[in-house]
Each structure stands twice: as structure tokens, then as C-alpha cells.
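Report on the following structure.
The values are calculated or read from the model by the stated rules, or taken from the named source; none is laboratory data. Model, not experiment: these values are computed from the prediction. In this analysis, Cβ positions are derived from the backbone assuming ideal geometry, glycine residues included, and neighbour counts consider all displayed protein chains.
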Amino acid sequence: MSAQRTIRAIIVDDEELARQILCEYLAAHADIEVVAGCANGFEAVKSITEQKPDLVFLDIQMPKLDGFEVLELVGPGTEVVFVTAYDNYAIRAFEVHAVDYLLKPVSAARFEAALERARERLSGKLPHQPLPAAELAAAARPPSQHVERIPVRDGTRVFIIPVAKLDYAEAQDDYVALVSEGKKHLKQQTISSLEAGLDPSRFMRIHRSYIVNLERVARLEPYGKDSHIAVLTNAAQLPVSKSGYARLRAFLDR
Amino acid sequence: MHPILTHHRRLALYLLAWLPLAALLRYLMAAVGGMSAADSFVLAFPLCLIYAFICLSAYYSCRATPLDRSTISRIVGTHATGALVASGIWIILAKFLAYSLSRTSTFSDIDSNFGPQIALLLDTGVLFYLLSISLYYVLMAVEASREAEARALQASVLAREAELKALKAQVNPHFLFNSLNSISALTSSNPAKAREMCILLGDFLRRTLGLGEKSAIPLEEELSLVHSFLAVEKVRFGARIQMEENIDKEAMGFPIPPLLLQPLVENAVVHGIAHLVEGGWIRLDVNASDGLLSLVVENLFDPDAPPRRKGGVGLANVRQRLAARYGNRAGFEAKADGERFRVAISIPAEKEGRSS
């Protein structure tokens, strides 16, 4: 065990005492270095993207972003141990391939077991397939609910887009461009997984590459011989596919 | 639903009750109308059977003119008309029956003796009709009082249920787990503080568990429960919780249902302060005036906080308990305004509290 490389860890919890006890447990392990402690979701995203730790101890209920949203934004590449007082997120935690799920108050023995699993994962003894961003995003959403807000990260900065302020989304390779209040935010997610999370009564896939906020659609205009464009209230023009046209027409004619 | 027609037993009893009436009619037909015994017998009994069914319809006019919500003139008018119409129909049917019977050799002179019966039939018809009217009003009153009883029972069951739910929810397990986690952290870094928190937590638990059995406690006691809750939460959240209180001294002695304010303050912490990086204030205003006790809990919250189960099992429970206990004499309003969340409650300020 002494030959192991140093594991760099970040502790995320909004309560100081909760961070303190994890620090204390970790202090007994020479191979683990705590590189940061974060008190909220924004700080966590910033620290994780900057420090690229091997292991994150992550609370779930926090100010700004919850633990799942943090994970969605930093993407795969970090091993996560959830530490929470709530036992009802365990299934979602394992859907995002968390190393372990610890319940507060955390016993030393249970903590050691989690740490051992993390070591095995990190040294490659336990197989680990990083989750695609889309699945992370899906798991970040409470089951059977539509997303109310979309967190996006630009470098170490985090923006929250409430879905009501999303004008439209455009697929760009592995990313979606989310257009809101005149700004474009890029997010690593497929347009299909974004569509899956949005409320279908408020958003419509009108084209292979476009999802539009139905409230923003001002009118449909013919474009070329037999295709159409949707004109939004902010004058943006989006291409509409054949099947998208049928659906949008039906919605507008309601 | 007709109270007699839809129950076989009741219908049988009802028809049975018409037997003496039929006997009376037969007697009158013979004694007053001068009919022979046999003639009056074959006429009176079928006629009463028919009339029993005609009178069943009186129920609907009783339903349409309830005694407590109709004017006297309307009640008298409706039923007088009803009685005359019913008797009229009855007389016509009686004439028809008498005519049919007179075609047989046994009752050949029944029709010729019918004339003197008309006045008699009119009188008894009106009388029987009015009898059934009073029967229906009695039935309706019995039904209404039974319904009221059921409603009262249901209300008290609901009230009890809401109270029980409140008692079950009185200690939020996550509050307990997080507090224990804090204690666990403090045991090594600050044992004295750990001990203090054990005592604070014990104090809070003892108070909550004790309050569950009471139906009302002085406001002062509820406030001290709130303080003991906040003392524990302040160990966890440190300076993030700022409590401001503005309590009307007059209000201190008024009885309130236990665990009314504490869940609201807990809500303010869990859904408000816990989501604010820098923390924020919770403000408690209590006023007594004009026979009303007004309790307001207001707090800062982050409108952009991560979505979580939309708050308020606590809120819903407080609302239900108020409704069950005070009905429309209590007011409850919860609303978010920008970054502020405000719950305002008003309940009757009654010194002696509720007796049960």
C-alpha cells in the first residue's frame, strides 16, 4: 500500500463540520492529499475543473448546484463518493457509477471501506467505464420529472439557464448550443438527451438539430420550394424539417 | 334517491302502514258514504294501494321545499297544490275502478253508489297526502342529522390524522442525521462543543416529544422550542443563520397548537438558509390584536436553488391542522416574493384554548 501514488481528493459539503470530519478521517492516510474543500456547487465545479482531482467526496443537497448537477458539469473523469444524510438518492448515485454512497453520520469503518473501493477503482483493479455526458445529465434529473433548469459550464464558470428562458437549442457535433437571452452557451450533451429531459408540452424538436421553446415561435414561413422556417419572437430563424413542420403546424393550429 | 322506494324493507313497512288507513277508508265509505260492506272493501283496499304509490311522489316536492330554507307561503302553496292534484288523480282512478267493478255481477251497484264517495275521497286523499308529507319531512330530518353526524365524525378523524402526521413528522430524520454528523465531527476537534450539542439536541428532542400529547401550549413554550431547534442548527450552519424576532409581549400567553411555528422555522432553514452560500435571515413576527393572533415567518431563499421536492410537507401539514382545528376561522398564506418566502398564519386568540 505504501508504494501507491498519491490520491488527490476534494471534499464538497456546505457544512464546515461535515468537511472537517472527512478531513480528519483522510488525515490518517498518507497517500491521500486533500487539495480543496468546497462549500457549494459553484465552488465545487470550479475546483474540480481546475484541480482535476482523482477523488471527490460529494454532498448532494447544497447551495447553487446539487451534487448530481456538479457531476453533470464536470463530466466523467473523477471518482465520486457521495456523502449525504439522505438515503433516497442511492439508486441515482449508482447510475452515475459512484464509487460509494455514505450516509451521515459516517462511521470510520464505513469510510475506510469506501476509500478502499476508491483505491481499487483508481488503480484499475475494479473496472470503470466513464459514463457518457448524456447519461450523467439524465441521471442528474430526478426520475419522472422534466428539467426546470439547465446548468452549463464555461471553463470554471457556471451558468444556470431556467428552461423558461431557453429560446432554442442547436446541435453542434458533441455539443448543444443553448440560446437564452441573446447569449449562446455550449454544453457537452447530445440534443436527444436534452430533448428527453425537457417538457414536451413546452419544447419541440422541429429539426434533427433544433429544439425550440414553443412560447417563442412567432410564425412559420415557407422557405424554398417545400421547406419551412420557424421565425421566433426575437426574429431568429430556425430550419424546420418535414415531420417537424407537421408537428409544429398542428401545435400552432390548436 | 327516494328514501322508501329504493329500500325493499322500508317499502314493505310503508305499505303495511297503509293497511289501517285502508281499513279506515273502508269504514268511512260504509258508514258515511252508505256503501255495502263488500263494495267498500273491494274499493278501499286497491285504492289505498294505488294512493300509497301516488304519495311516494310527495317526497320530491318535500325535497324541493325544505322546511328551513323555504318561505311559509311557498311550503303551504306547494303542498296544498300537491294534495289537491294527488286527490284529484285518485278520485279519477277511483271512479274508473268503480266503473270497471260495476261491470261484474257481484258489484253491479258500486258505480251508482260512487257519487257520495267523492267528497269523502277528496278529504281522505288530502289528509293522507299531508300525512305522507310529514313522514318525508321527518325522514329528511333524520337523514340530515345522520349526515351531519357522519360529517362531524369525518372531520374529527381528519383532524386526528393531521395531528398524528404532524407528530410523526415532528423530528425530521435528516435534521437528526446531520446533527449527529456534526457531533461526530466535534468529538475530536472540540469535545466541549460536542457535549454542548448533545445537550442541545437532547433538549430539543425532549421538548418535541413531550409537546405531541398536548392539544395547545402557550406561545411562549412554542417559541422556546423554536429557540432550542435553532441552537442546534446554529452549530451546523454557524453564522449562516440570522434570526430576528419581533414578538408582541401581549401574545406570549395565548395558547396555540403545538409544533405550529417550529416546522415553519425548520422549513425556512431547510429550503431557505441551507441553499444560501452566505446564509440569510429568518424573521418571526407575532402580534395579537382584535381577537386574532398573527404569526409570520419570513426568510430569504435562493429562487435559483437546485430543484428539490417542492417544499412543504411541513407547510401542508400546518395548513391542514389549522383547517381541521379552526375551520375558516384560521388564515394561512404562504408565498414567495422575489428572494423572500413568507408564511402568514392567523388564528383566533382565545385565552382558554380548545377544550378537548
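Tell me, which residue of the stretch B:19-67 that is part of a loop (DSSP other than H, G, I, E, B) and of a type in the set (S, T, N, Q) is surrounded by the most Cβ atoms within 10 Å (Cβ to Cβ)? The selected residue is B:Thr65.
Just one of the numbered conditions (1) under 21 Å from A:Gly155 (Cα atoms); (2) out of contact with any strand residue (DSSP E or B) (no Cβ under 6 Å at 6 or more places or on another chain); (3) polar (S, T, N, Q) is not true of A:Thr78: (2).
When the test is whether a residue is within 14 Å of chain A (Cβ to nearest Cβ) and free of Cβ contacts under 8 Å to residues at least 40 places away in the same chain, B:Glu339 passes it. Scanning the stretch A:223-254 for residues that are at pLDDT 90 or above and part of a strand (DSSP E or B) yields A:His228, A:Ile229, A:Ala230, A:Val231, A:Leu232, A:Gln237, A:Leu238, A:Pro239, A:Val240.
Here are some residues: B:Lys214, B:Lys234, B:Lys249. Which one is of a type in the set (Lys, Arg), surrounded by fewer than 15 Cβ atoms within 10 Å (Cβ to Cβ) and within 29 Å of B:Phe301 (Cα to Cα)?
Values: B:Lys214 fails: within 29 Å of B:Phe301 (Cα to Cα); B:Lys234 fails: surrounded by fewer than 15 Cβ atoms within 10 Å (Cβ to Cβ).
Unique residue meeting the criteria: B:Lys249.
If we only count strands (runs of 3 or more DSSP E) wholly inside the stretch A:153-214, which ones have 1 or more residues that are farther than 30 Å from A:Gln51 by Cα?
Numbers: elements: A:157-162, A:166-172, A:175-180, A:183-188, A:203-207, A:210-213.
Where strands (runs of 3 or more DSSP E) fall fully within the stretch A:153-214 and carry at least 1 residues being farther than 30 Å from A:Gln51 by Cα, they are A:166-172, A:203-207, A:210-213.
Scanning the stretch B:79-111 for residues that are farther than 15 Å from B:Val42 by Cα and surrounded by fewer than 17 Cβ atoms within 10 Å (Cβ to Cβ) gives B:Ala80, B:Thr81, B:Leu84, B:Val85, B:Gly88, B:Ile89, B:Ile92. Of the residues making up the stretch A:90-100, not one is within 14 Å of chain B (Cβ to nearest Cβ) and assigned to a strand (DSSP E or B). Counting only residues that are within 13 Å of chain B (Cβ to nearest Cβ), among the hydrophobic types (A, V, I, L, M, F, W, C) and either over 19 Å from B:Val235 (Cα atoms) or in contact with a Ser or Thr (Cβ under 6 Å, 6 or more places away or on another chain) (or both), the stretch A:27-52 holds 6 of them. Evaluating A:Leu103 against the criteria (1) within 11 Å of chain B (Cβ to nearest Cβ); (2) touching a residue at least 24 places away in the same chain (Cβ under 8 Å); (3) closer than 20 Å to B:Ala185 by Cβ; (4) in contact with a Lys or Arg (Cβ under 9 Å, 6 or more places away or on another chain) leaves one unmet condition, (2).
Which one of B:Ala268, B:Ala185 is buried (at least 20 other Cβ atoms within 10 Å of the Cβ), within 14 Å of chain A (Cβ to nearest Cβ) and farther than 25 Å from B:Arg329 by Cβ?
Details: B:Ala268 fails: within 14 Å of chain A (Cβ to nearest Cβ).
Going through B:Ala268, B:Ala185 in turn, the sole match is B:Ala185.
Among the residues of the stretch A:69-89, those identified as surrounded by fewer than 24 Cβ atoms within 10 Å (Cβ to Cβ) and within 14 Å of another protein chain (Cβ to nearest Cβ) are A:Ala85, A:Tyr86, A:Asp87, A:Asn88, A:Tyr89.
Looking only at residues in the stretch A:32-65 that are among the charged types (D, E, K, R) and without any contact (Cβ under 8 Å) to a residue 60 or more places away in the chain, which one is farthest from A:Tyr89 (Cα to Cα)? Walk me through how you get there before you give the answer.
Taking the stretch A:32-65 and keeping what is among the charged types (D, E, K, R), we get A:33, A:43, A:46, A:50, A:52, A:54, A:59, A:64.
Then drop every residue that is not without any contact (Cβ under 8 Å) to a residue 60 or more places away in the chain, which leaves A:33, A:43, A:52, A:59.
Working: A:Glu33: 27, A:Glu43: 22, A:Lys52: 25, A:Asp59: 11 Å.
The extreme case among them is A:Glu33.
A:Arg205 meets the conditions (1) surrounded by fewer than 16 Cβ atoms within 10 Å (Cβ to Cβ); (2) of a type in the set (Lys, Arg); (3) closer than 17 Å to A:Gln237 by Cα in every case but one. The failed one is (1).
Criterion applied to B:Glu220, B:Glu233 was being out of contact with any Pro (no Cβ under 6 Å at 6 or more places or on another chain), closer than 22 Å to B:Val296 by Cα, in a helix (DSSP H, G or I) and within 14 Å of chain A (Cβ to nearest Cβ), and the one residue passing it is B:Glu233. The set of residues in the stretch B:105-130 that are under 21 Å from B:Leu56 (Cβ atoms), among the aliphatic types (A, V, I, L, M) and touching a residue at least 24 places away in the same chain (Cβ under 8 Å) comprises B:Leu121, B:Leu122, B:Val126, B:Leu130.
Restricting the search to the stretch B:312-336, which residues are part of a strand (DSSP E or B) and either charged (D, E, K, R) or on the phi > 0 side of the Ramachandran plot (or both)? Full working, then the answer.
Keep residues of the stretch B:312-336 that are part of a strand (DSSP E or B), which gives B:331-336.
Result: B:Glu333, B:Lys335.
If you filter the stretch B:275-291 down to residues that are in contact with a Pro (Cβ under 7 Å, 6 or more places away or on another chain) and within 12 Å of chain A (Cβ to nearest Cβ), you find that the one that is farthest from B:Pro348 (Cα to Cα) is B:Val277. Go through B:Leu176, B:Leu200, B:Leu120 for me and flag whichever is assigned by TED's automatic domain parsing to the domain that holds B:Tyr59 and either of a type in the set (A, V, I, L, M) or part of a helix (DSSP H, G or I) (or both). Exactly one residue qualifies, and that residue is B:Leu120.
Residues are listed down the side, and each one gets a yes or a no for (1) closer than 30 Å to A:Pro162 by Cα; (2) among the acidic types (Asp, Glu); (3) modelled with pLDDT under 95:
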site: A:Ala28; (1), (2), (3): no, no, yes
site: A:Cys38; (1), (2), (3): yes, no, no
site: A:Phe57; (1), (2), (3): yes, no, no
site: A:Pro63; (1), (2), (3): yes, no, yes
site: A:Val70; (1), (2), (3): yes, no, yes
site: A:Glu95; (1), (2), (3): yes, yes, yes
site: A:Phe111; (1), (2), (3): no, no, no
site: A:Arg117; (1), (2), (3): no, no, yes
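Within the stretch B:292-314, if we keep just the residues that are under 21 Å from B:Pro218 (Cα atoms) and either touching a helix residue (DSSP H, G or I) at 6+ places or on another chain (Cβ under 7 Å) or modelled with pLDDT under 90 (or both), the residue that is nearest to the other protein chains (Cβ to nearest Cβ) turns out to be B:Gly314.
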